[in-house]
Amino acid sequence: MTIRIETMKGPLSDAKLQGICETFGNHDHRFAQIELNRNFFNENPAGYSIHSFAMDGDRAIGHYSIIPIKVIHKDRELLSGKGEALYLDPIYRNGTVKVDNKKVHIAVEMMNQTQILADQELLEPQHVITRKAVQRILRRLGSKIVEYNTPLLHFITNPFHENKQNKTLKQKLGVLGLFTIQRFLLFMVRLVFFWVEKPEISTTKNEFFAKNMAIYHKESCKIAKDKWLISRDMETMQWMHDSGLLDLFFFSDDPTAFVIIKKGHHPEVLFWAMEERRWGDYWAMLLKIIDHYSDSGPGMVISFPQEVYSNSRPLLRRFLYLCGFIPKPVKTLVALKSQDKDLGQKESVYFDRLFFIF
């Protein structure tokens, strides 16, 4: 077989978007939809992505991309690069390509060519949410691997999906037992809440969307202080929402009281803006969120990060515990690459779920 690497800057043709469907779409089924790929890669307000495809004849057998993402650092807006959609057909994972008469692993060269073009486009800093299998490649390409340990409170929405990640019967029974306890506590909460007037909560984007995102942006920058963070500007938030990455929950009688949630396999609350609402509204919003993610999608858990409930009224934390949310930190490996030492350090990053993009 003769494998070649094709590297390019978007916009991608439909044929190349379909190539992503046929490669990374096998790993993450959201990317198996050409319309989502078109919006995510071709409609990004920060610019077009850098892509490398591993090709066997006319067939794409691998893909890697670095997408431009606006970040904020000390009131400056920078254009960073986020590694996404890495995939290589299992049949070819030990395969090589010839580079200067040397044999190089396909995945290594695919990522290397993407990063070279991203460097030429001055995407700085660059980051990738990674795993152990890819760490060696990223280190070889100049990245530093750091680990973030995020304190979270979790509620299990799908114990059977969660069980797929556990290897022992004891672990499976533990998850199922915890799920049963959480559902019992939730049932008791519903009995009490049955007598409380329930406000109407909507998830449809409205004319307050821009104002809500501006509040979120301002408060996030205040919390991040001197760290760099993914920009919460209106264009970026609009693109993420349209790409199906964000959910917005708000009260129909007051859209300025709202909650922003990062969607995905592990939905996570990013922002809770309900300081002026009464206690019954807290219950209503919390139950709405739990029901929404229990009924839709393949999610395993819904999570609240410590920064969200610590910066809200103590009422929120009490309600989370009453509903059976349990604390469990989550470790995330991130590859950071920057010519600026100040940007490439673990302590320089405001790390939250938005950092994942997808």
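The values are calculated or read from the model by the stated rules, or taken from the named source; none is laboratory data. This one's a predicted model, so the numbers in the text were calculated from it and none came from an experiment. Because the Cβ atoms are built from the backbone with ideal geometry, glycine has one as well, and the counts that use them run over all protein chains shown.
For this structure, a couple of remarks:
- Qualifying residue in segment 289-301 (condition: under 24 Å from F358 (Cα atoms), at pLDDT below 85 and hydrophobic (A, V, I, L, M, F, W, C)): yes
To keep it simple, each residue is scored yes or no on (1) touching a helix residue (DSSP H, G or I) at 6+ places or on another chain (Cβ under 6 Å); (2) among the charged types (D, E, K, R).
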residue: A284; (1), (2): no, no
residue: I302; (1), (2): yes, no
residue: R313; (1), (2): no, yes
residue: L320; (1), (2): no, no
residue: T332; (1), (2): no, no
residue: Q339; (1), (2): no, no
residue: Q345; (1), (2): no, no
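- Of all residues in segment 22-74 being part of a loop (DSSP other than H, G, I, E, B) and of a type in the set (S, T, N, Q), the one that is farthest from G244 (Cα to Cα): T23
- Total residues in segment 327-347 satisfying the condition of being within 21 Å of the chain's Cα centre (by Cα) and either surrounded by fewer than 19 Cβ atoms within 10 Å (Cβ to Cβ) or of a type in the set (A, V, I, L, M) (or both): the figure is 14.
- Qualifying positions in segment 73-127 - within 21 Å of the chain's Cα centre (by Cα) and on the phi > 0 side of the Ramachandran plot: A85
- The listed residue being of a type in the set (D, E) and farther than 18 Å from I357 by Cα, out of E109, E35, E43: E109
- Looking across segment 1-15, the residues that are touching a helix residue (DSSP H, G or I) at 6+ places or on another chain (Cβ under 9 Å) and either outside any loop (DSSP other than H, G, I, E, B) or in contact (Cβ under 8 Å) with a residue 60 or more places away in the chain (or both) come down to M1, I3, I5, E6, T7, M8, K9, D14.
- Residue in segment 21-30 that is closer than 24 Å to F351 by Cβ, in contact (Cβ under 8 Å) with a residue 12 or more places away in the chain and surrounded by fewer than 16 Cβ atoms within 10 Å (Cβ to Cβ) present: yes
- Residues satisfying the stated conditions in segment 305-339, i.e. more than 30 Å from F193 (Cα to Cα) and out of contact with any Ser or Thr (no Cβ under 9 Å at 6 or more places or on another chain): Q339
- Looking across K172, K198, one residue alone is free of Cβ contacts under 8 Å to residues at least 60 places away in the same chain and either surrounded by 13 or more Cβ atoms within 10 Å (Cβ to Cβ) or more than 25 Å from I230 (Cβ to Cβ) (or both). It is K172.
- Per-region count, segment 95-111, residues crowded, with 20+ Cβ neighbours inside 10 Å and closer than 30 Å to F351 by Cβ: 4
- Candidate set: segment 73-91, residues that are in contact with a helix residue (DSSP H, G or I) (Cβ under 6 Å, 6 or more places away or on another chain) and among the hydrophobic types (A, V, I, L, M, F, W, C); chosen: the one nearest to S338 (Cα to Cα): A85
- Within segment 1-37, the set of residues being touching a strand residue (DSSP E or B) at 6+ places or on another chain (Cβ under 7 Å), farther than 15 Å from G62 by Cα and among the charged types (D, E, K, R) comprises K9 only.
Conditions (1) of a type in the set (S, T, N, Q); (2) out of contact with any Asp or Glu (no Cβ under 8 Å at 6 or more places or on another chain); (3) modelled with pLDDT under 90, marked per residue:
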| site | (1), (2), (3) |
| --- | --- |
| M1 | no, no, yes |
| A15 | no, yes, no |
| H29 | no, yes, yes |
| F41 | no, yes, no |
| K74 | no, no, yes |
